[in-house]
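S.K.: Can you read through this structure? Questions will come right after.
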Amino acid sequence: AAKEIGQTPSAVQFAPEMCIASPAWDTWSFGVMMAQLLTGGKHKEALPSHSETDESFLQKLISFDQTNLENICRSVKKDAGERAADLVEQLLDPSPYRRMKSMNHVLSHRYFDDDTNPLSRGRSKERPRKQYNSQH
């Protein structure tokens with residue numbers, strides 16, 4: 001767990017064994033980027049950014065909750081549509097156990113198959129998508 005240290009009450013320190021990398025981190029990070037891109041960076045108060053101090057970055061990670069997610073998803077839905085909001089909701093779920101499990105799951109989301117999505121235009125529906133392999 002996290003504990004406060006140092007001169008300021010906002011300083012946070014994690015024990016190394018509490019920071020175990022997993023695909024849930026990757027999908028959450030991708031969700032942060034998607035939300036920032038789809039909303040034009042409207043949610044700087046809730047989403048962490050590497051341009052801020054380590055303390056501020058960690059504080060946003062710790063305090064991210066369902067309310068933050070709902071606000072971001074409402075904004076994404078308004079700016080980019082229902083499919084984009086659904087994807088972001090599944091990527092940024094505060095619980096790593098409910099998040100999308102891999103980038104393969106992310107890429108198979110209906111957002112990427114939407115004919116109105118510029119990323120999927122011209123892609124043949126019959127042609128299988130190359131699978132992402134995180135073992136490289």
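S.K.: What pairs come up if the first residue lies in region 65-85 and is farther than 17 Å from residue 28 by Cβ, the second is open to solvent by 20 Å² or more (accessible area, probe 1.4 Å), and their beta carbons are under 6 Å apart, counting only those six or more places apart or on different chains?
M.R.: Pairs that qualify, where the first residue is farther than 17 Å from residue 28 by Cβ and the partner is open to solvent by 20 Å² or more (accessible area, probe 1.4 Å), are 75/42; 79/38; 80/38; 83/110; 83/111; 83/114.
S.K.: Now for a different question. Would region 78-87 turn up any residue that is under 11 Å from the mean Cα position of the chain (by Cα) and open to solvent by less than 70 Å² (accessible area, probe 1.4 Å)?
M.R.: yes
S.K.: Please find, among 37, 69, the residue that is loosely packed, with under 14 Cβ neighbours inside 10 Å, assigned to a helix (DSSP H, G or I) and of a type in the set (A, V, I, L, M).
M.R.: Checking each option against the conditions leaves just 37.
S.K.: Another one. Hey, does region 45-52 have a residue that's polar (S, T, N, Q), open to solvent by 80 Å² or more (accessible area, probe 1.4 Å) and over 12 Å from the mean Cα position of the chain (by Cα)?
M.R.: For region 45-52, residues polar (S, T, N, Q), open to solvent by 80 Å² or more (accessible area, probe 1.4 Å) and over 12 Å from the mean Cα position of the chain (by Cα): present.
S.K.: Out of everything in region 88-107 that is of a type in the set (Lys, Arg) and more than 18 Å from residue 47 (Cβ to Cβ), what residue ends up being most open to solvent (accessible area, probe 1.4 Å)? Lay out the reasoning, then the answer.
M.R.: Keep residues of region 88-107 that are of a type in the set (Lys, Arg), which gives 98-99, 101.
Now drop any that are not more than 18 Å from residue 47 (Cβ to Cβ), which leaves 98, 101.
On the way: 98: 151, 101: 104 Å².
Across region 88-107, the extreme among qualifying residues is 98.
S.K.: What pairs come up if the first residue lies in region 94-123 and is farther than 29 Å from residue 21 by Cα, the second is modelled with pLDDT of 90 or more and among the basic types (Lys, Arg), and their beta carbons are under 6 Å apart, counting only those six or more places apart or on different chains?
M.R.: 114/83
S.K.: Right, here's the next one. Restricting attention to region 39-67, which residues are in contact with a Gly (Cβ under 9 Å, 6 or more places away or on another chain) and closer than 26 Å to residue 104 by Cα?
M.R.: Correct list: 47, 49.
The values are calculated or read from the model by the stated rules, or taken from the named source; none is laboratory data. Since this is a predicted model, take the numbers as computed values, not measurements. No Cβ is skipped: glycine too gets one built from the backbone with ideal geometry, and neighbour counts run over all protein chains shown. The protein model used for the area step is the full one, side chains on, heavy atoms only, and it has no ligands, DNA or RNA in it. Shrake-Rupley method; radii C 1.70, N 1.55, O 1.52, S 1.80 Å.
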